[in-house]
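J.: Mind having a look at this structure? Questions to follow.
The values are calculated or read from the model by the stated rules, or taken from the named source; none is laboratory data. Please read all numbers here as calculations on a predicted model, not as lab measurements. All Cβ positions, even for glycine, are placed from backbone atoms using ideal geometry, and neighbour counts span all protein chains on display.
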Amino acid sequence: MKAANRDFTREVNLFNILNSIREAGLISRVEIAKRTGQSRASVTNITALLIEQKLIRESKPHVNPSRGRRRIMLSLNPEAAYTVGIKVSAFRLSFAIVDFIGEVKSSLSIPFRVGERRESVLVDVIEDGVRHCVDDARLSLQDISGCGLAIPGFVDSATGTCLWNPLKKGESHIRALLSEQLGMDVYLENDANSVTVASQWFGLGKGIDNFLVVTIEHGVGMGIVIDGKLYRGQSGIGAEFGHMVLVPDGAPCRCGKRGCIEAYTSDSGILLHAKKRLASRRTTRPNLDTLAIEDVTDLARAGDKELRKVFRQGGEMLGRGIAGLIQIFNPERVIITGEGVRAGDLLFTPMKRALKKYVNEEQAKITEVVIQEWSDNDWARGAAGFVLGELYKSPLNKIHRSG
Ligand SMILES: [Zn+2]
């Protein structure tokens, strides 16, 4: 075998072993050999290297009840590496530092009007946020192996350029600027794709080869995993489920078209429809200038019939759209997540009704639609998890250590 081929085979074997430890959580060398199809000798050699590099560690012997033998188990070393994730939203920047198993070590969320500030100011504020989080986690910048920047819009992740972004007009140099100021690799990725990759590595997508993630927030995003790989389409832009038109000449959308799913289902879409309905009321009208999506959700939950209709419409559109996705992709699981999940039954009861109506019975039986609770730092965690995924592919080259 040529040296280059031998190195490549070794790299693949190493990745497969690391991956089976990640998937199992706690696993013996014998079980790794069984799962990866590698020889016991190869598993012994490679795990020795991984232990030496402090990527994995041996745990207390585990007694196998059927055989009564004590077996040494292996697990990932959470302290092997750290990554930082940043999510840039219209009015907010959020940050999270995660360890090697995707656990959040520190997080931060600050209000920031992205569209109204110069890019250099944005980069300075991000740098400060990262430094604060690193301190908070009792780490130093040198401990961080990479930074993931998640933004809404069309991102060509291969070149790290942003092709269209609903937050800011004009060309963006954010990745290069941030990389220079932080002195580390910065990965720019579409926000929904980051969450999708993170859920594939550490969340509800773990161990599933075909699944979809639909994110509801200010916009509606989507990530597609086919045969274990993130699908990006021909030009790397990825899936813009939110901008699929369901209503010809319907409600105006942020993208410039009309009748997109996003215009009905997203937080911004629902808020707009709610304001329109409330504007015509003479009595008991809340202040429309300060009305937020949380207020609209509370009013609907308290029984406001018209606002419940707005959510019903959003849920119906979402269900119709997802039904189409299920018919096309035949996924094992569809994960719905994002801040919009706060609407709960207001949105998801009509969505489920639409799914029942529009998905073939056979396909409905084998497709699981899961609604995943959302916490404030999940976007940033997704961005950090995306970078972890990159580290796993080539851990010996990419992990930084300050010590
Ligand atoms: Zn649109």
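J.: For region 140-151, check the following and say yes or no: at least one residue is part of a strand (DSSP E or B), in contact (Cβ under 8 Å) with a residue 60 or more places away in the chain and more than 27 Å from residue 25 (Cβ to Cβ).
T.: yes
J.: Further question on the same structure: Within region 220-263, can you find the residues that are under 14 Å from the mean Cα position of the chain (by Cα) and near the ligand (Cβ under 10 Å from one of its atoms)?
T.: Selection gives 220 alone.
To keep it simple, each residue is scored yes or no on (1) among the acidic types (Asp, Glu); (2) over 30 Å from residue 229 (Cβ atoms).
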| residue | (1), (2) |
| --- | --- |
| 308 | no, yes |
| 320 | no, no |
| 370 | no, no |
| 374 | no, no |
| 378 | yes, no |
| 391 | no, no |
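J.: Moving to a separate point now. Would you check which residues across region 117-157 are of a type in the set (Gly, Ala, Ser) and surrounded by 15 or more Cβ atoms within 10 Å (Cβ to Cβ) and list them?
T.: Within region 117-157, 129, 137, 145, 146, 148, 150, 153, 157 qualify.
J.: Another question, if that's okay. Say we look at region 186-215 and pick out the residues that are in a loop (DSSP other than H, G, I, E, B) and either among the small types (Gly, Ala, Ser) or touching a helix residue (DSSP H, G or I) at 6+ places or on another chain (Cβ under 6 Å) (or both); which of these is farthest from residue 379 (Cα to Cα)?
T.: The selected residue is 207.
J.: Still on this structure: With the condition kept exactly as written, say whether any residue in region 364-382 is farther than 29 Å from residue 93 by Cβ, of a type in the set (Val, Ile, Thr) and part of a helix (DSSP H, G or I).
T.: Scanning region 364-382, I find at least one residue that is farther than 29 Å from residue 93 by Cβ, of a type in the set (Val, Ile, Thr) and part of a helix (DSSP H, G or I), so the answer is yes.
J.: Can residue 126 be described as of a type in the set (A, V, I, L, M, F, W, C) and at pLDDT 95 or above?
T.: For residue 126, the condition - of a type in the set (A, V, I, L, M, F, W, C) and at pLDDT 95 or above - is met.
J.: While we're here: Report, ordered by the first and then the second residue, all pairs with beta carbons closer than 7 Å, sequence separation of six or more or different chains, a first member in region 238-267 that is on the phi > 0 side of the Ramachandran plot, and a second member that is surrounded by 24 or more Cβ atoms within 10 Å (Cβ to Cβ) and outside any loop (DSSP other than H, G, I, E, B).
T.: Here the result reads 238/190; 238/193, each pair linking region 238-267 to a residue that is surrounded by 24 or more Cβ atoms within 10 Å (Cβ to Cβ) and outside any loop (DSSP other than H, G, I, E, B).
J.: State all residues of region 350-363 that are within 26 Å of residue 314 (Cβ to Cβ) and assigned to a helix (DSSP H, G or I); if no residue qualifies, say none.
T.: Correct list: 350, 351, 352, 353, 354, 355, 356, 357, 358, 361, 363.
J.: Further question on the same structure: From the list 339, 316, 373, 362, which residue is touching a residue at least 12 places away in the same chain (Cβ under 8 Å) and surrounded by fewer than 18 Cβ atoms within 10 Å (Cβ to Cβ)?
T.: Result of the check over 339, 316, 373, 362: 373.
J.: Same structure, new question: All but one of (1) free of Cβ contacts under 8 Å to residues at least 40 places away in the same chain; (2) assigned to a helix (DSSP H, G or I) hold for residue 38; which doesn't?
T.: (2)
J.: In region 175-194, which residues are touching a residue at least 60 places away in the same chain (Cβ under 8 Å) and touching an Asp or Glu at 6+ places or on another chain (Cβ under 7 Å)?
T.: 187
J.: Could you figure out which of (1) surrounded by fewer than 22 Cβ atoms within 10 Å (Cβ to Cβ); (2) more than 16 Å from the ligand (Cβ to nearest atom) isn't true of residue 271?
T.: Tallying (1) surrounded by fewer than 22 Cβ atoms within 10 Å (Cβ to Cβ); (2) more than 16 Å from the ligand (Cβ to nearest atom), residue 271 fails exactly one: (2).
J.: Select the helices (runs of 4 or more DSSP H) contained entirely in region 216-325, then report the ones holding at least 2 residues which are in contact with a Phe, Trp or Tyr (Cβ under 6 Å, 6 or more places away or on another chain) and farther than 22 Å from residue 356 by Cβ.
T.: none
J.: Quick check on region 341-359. Is at least one of its residues at pLDDT below 95 and small (Gly, Ala, Ser)?
T.: no
J.: Sticking with this one: Taking residue 326 as the residue in question, decide whether it is in contact with a Gly (Cβ under 7 Å, 6 or more places away or on another chain) and farther than 14 Å from residue 264 by Cα.
T.: No; evaluated as a whole, the condition is false for this residue.
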